[in-house]
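Below: the structure, in structure tokens.
The values are calculated or read from the model by the stated rules, or taken from the named source; none is laboratory data. Quick caveat: nothing in here was measured; it's all calculated off a predicted structure. Methodologically, a virtual Cβ is constructed for each residue, glycine included, from the backbone with ideal geometry; neighbour enumeration extends over all protein chains shown. Ligands, DNA and RNA are stripped out before the accessible areas are found, and what is left, the full protein with its side chains, is counted by its heavy atoms. Shrake-Rupley method; radii C 1.70, N 1.55, O 1.52, S 1.80 Å.
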Amino acid sequence: MKIIKYLFFLLLIVVVGGGVYIAMSDGKFQVEESRVIDAPDELLFNTINEYKTWEKWGPWMDDSDDMIMEYPNQTSGDGASYSWKSETQGDGQMKTIKTAPFTSIDQKITFITPMGESISDVYWKFEKLEDKKTKVTWGMKGEQSFMEKAFWMTQDSTLSQNLRPMYNKGLEKLDAFVNQKMKEYSVHVDGVTEHRGGFYMYSATASSIADISEKMAQMLPAVQAYVKQNNLPQTGMPFTIYNEFNQQQGTAIYSTGIPVRDEVITPADSNILSGSLPKQKVVKTTLKGDYINLKEAWETGYKYIDENGLELNPTSPAFEVYRTDPGIQPNPAEWITEIYIPIK
């Protein structure tokens with residue numbers, strides 16, 4: 001009997017000692033991972049801020065075939081949330097606590113486990129880099145309960161060590177998701193219509209076709225500055241007129257302009273000139289997407305003209321209008337460009 005008592009007291013000492021050790025151990029944790037993504041900070045912020053996108057790039061989706069996502073009416077911004085149910089991964093909820101547009105997002109995540117509810121802080125940071133790149137940091141911090149500390153003491157790795165691969169995988173999938181979204185585009189021929197024409201201020205040059213984008217990036221700000229400095233009422237979006245376009249030689253003569261209300265007489269030595277477009281019949285084609293798809297959009301417009309027996313107007317050059325300002329809309333998939341090809 002004495003031996004049994006001794007064993008009982010020894011076991012009690014071990015249990016009590018182990019409990020004290022677990023209770024006294026530090027349960028605080030923090031884990032974060034970062035990735036530089038070739039996408040604008042605004043696009044990445046908006047993607048993560050909208051919970052309905054998470055099932056497209058969330059790292060846990062690959063590990064669960066039975067996860068059911070549930071969304072309330074509000075799924076983005078302060079107070080937004082979503083929840084999930086899964087027999088293999090457990091149930092839980094994520095809620096947005098605070099957002100600072102394009103800079104940070106603070107969230108609360110709740111895991112419902114056999115050991116009870118576990119609540120932690122989740123945070124996102126967005127650091128704007130050069131060339132429209134963004135450093136995205138995804139982290140989580142909190143404090144483990146007694147049962148959670150006890151559980152992880154029986155494992156070969158810590159909670160943080162288990163989370164890091166998941167966060168890295170999530171950032172990798174986020175990178176692929178946003179870059180695929182930026183590549184989406186569509187081309188639509190709107191058909192024959194009439195362009196109203198009008199006055200415009202412009203700057204003209206000649207270059208190789210490959211250098212057009214670079215040249216336009218230099219010319220347009222100069223025209224915009226002239227219009228602003230002279231208080232000229234702008235009546236439309238910027239455009240480019242292709243006065244000559246030689247595909248075989250790879251060269252072009254073109255003008256980058258901004259529509260204005262009135263005709264303007266400029267000084268003889270001015271690099272910014274005044275012109276006018278006539279009211280004319282055109283075939284209109286609309287590209288929604290990155291400018292790299294403009295070649296296909298132009299070809300589609302000319303194909304429509306050929307297939308419908310229409311005749312080009314050789315005295316009037318074709319032009320394209322940029323309905324979307326990339327400085328305001330960072331996602332190339334949302335850029336709108338209208339192509340106008342004059343016909344007789």
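Taken along its principal axes, the alpha carbon cloud of the chain reaches lengths of 114, 45, 40 Å, longest axis first. Under a Cβ-Cβ cut-off of 15 Å, what is the net charge of the residues other than Val321 that fall near it, where Lys and Arg count +1 and Asp and Glu count -1? Combined, the nearby Lys, Arg, Asp and Glu give -1. Centroid-to-centroid, using Cα positions, the stretch 296-344 and the stretch 221-293 are 14 Å apart. Per-residue accessible area (protein heavy atoms, 1.4 Å probe) orders Glu50, Glu296 as Glu296, Glu50, starting from the largest. Extension gain, Glu296-Asp65: 0.36 nm per intervening residue step, less the Cα-Cα distance, totals 79.2 nm.
Residue pairs exceeding 28 angstrom between C-alpha atoms, taken from Lys108/Lys128; Lys52/Lys215; Lys181/Lys344: Lys52/Lys215; Lys181/Lys344.
Projecting the Cα positions of Ile292, Tyr123, Ile272 onto the charge dipole of the chain (unit charges on Cβ atoms of Lys, Arg, Asp and Glu, taken about the Cα centre) puts Tyr123 furthest along the positive direction. Full extension of the chain between Ala204 and Asn246 gives 13.5 nm of extra length, using 0.36 nm per residue less the Cα-Cα distance. Protein-only accessible surface at a 1.4 angstrom probe places the residues Asp306, Asp65, Asp38 in the order Asp65, Asp306, Asp38, largest first. Our summary gives the chain a relative contact order of 15 percent, counting only alpha carbon pairs under 8 angstrom and 6 or more residues apart. Local charge for Arg35 was computed over the other residues whose Cβ lies under 14 Å away, with Lys and Arg +1 and Asp and Glu -1, and equals -1.
Calculated [222 nm] ellipticity per residue, helices only, for the chain: -9500 deg cm²/dmol; basis is -39500 (n - 2.57) per DSSP H run with n ≥ 4, divided by all residues, nearest 500. Under the convention that each Lys and Arg Cβ holds +1 and each Asp and Glu Cβ holds -1, the size of the dipole of the chain around its Cα centre is about 640 debye. Accessible surface computed residue by residue for the chain, with neighbouring protein chains in place and a 1.4 Å probe, gives 58 Å² per residue.
Taking Cα centre as origin and charging only the Cβ of basic (Lys, Arg, +1) and acidic (Asp, Glu, -1) residues, the dipole magnitude of the stretch 95-142 rounds to 120 debye. Glu194 sits among other residues whose Cβ lies under 10 Å from its own Cβ, and their net charge, with Lys and Arg +1 and Asp and Glu -1, is +4. Apolar share of the accessible surface for the chain: 52 percent from carbon plus sulfur atoms, 1.4 Å probe. Is the shape of the stretch 233-275 best called rounded, prolate or oblate, per the rule: a/c under 1.5 gives rounded, else a/b larger than b/c gives prolate, else oblate, with a ≥ b ≥ c the square roots of the Cα gyration tensor eigenvalues? Oblate shape, in that a/c is at least 1.5 and b/c is the bigger or equal ratio.
Simple rule: put +1 on each Lys or Arg Cβ and -1 on each Asp or Glu Cβ in the chain, find the dipole, and look at Tyr202, Val223, Ala318; the Cα lying farthest toward the positive end is Val223. A straight Cα-to-Cα reach below 12 Å connects Lys132 with the aspartates and glutamates Asp38, Asp41, Glu42, residues fewer than 8 places away in its own chain not being considered. Less than 14 Å from a label point 7 Å out along the Cα-to-Cβ axis of Gln30: which backbone N atoms in the stretch 68-91 qualify, by residue? Residues passing the 14 Å test: none.
The length gained on full extension between Ile253 and Ile328, counted as 0.36 nm times the residue separation minus their Cα-Cα distance, comes to 24.2 nm. Using the membrane-span-like helix rule (whole DSSP H runs, Cα extent along the own axis of at least 18 Å, mean Kyte-Doolittle hydropathy at least -0.5), which helices of the chain qualify? Taking the DSSP H segments of the chain (at least 18 Å long, mean hydropathy at least -0.5), we get 2-24, 212-229.
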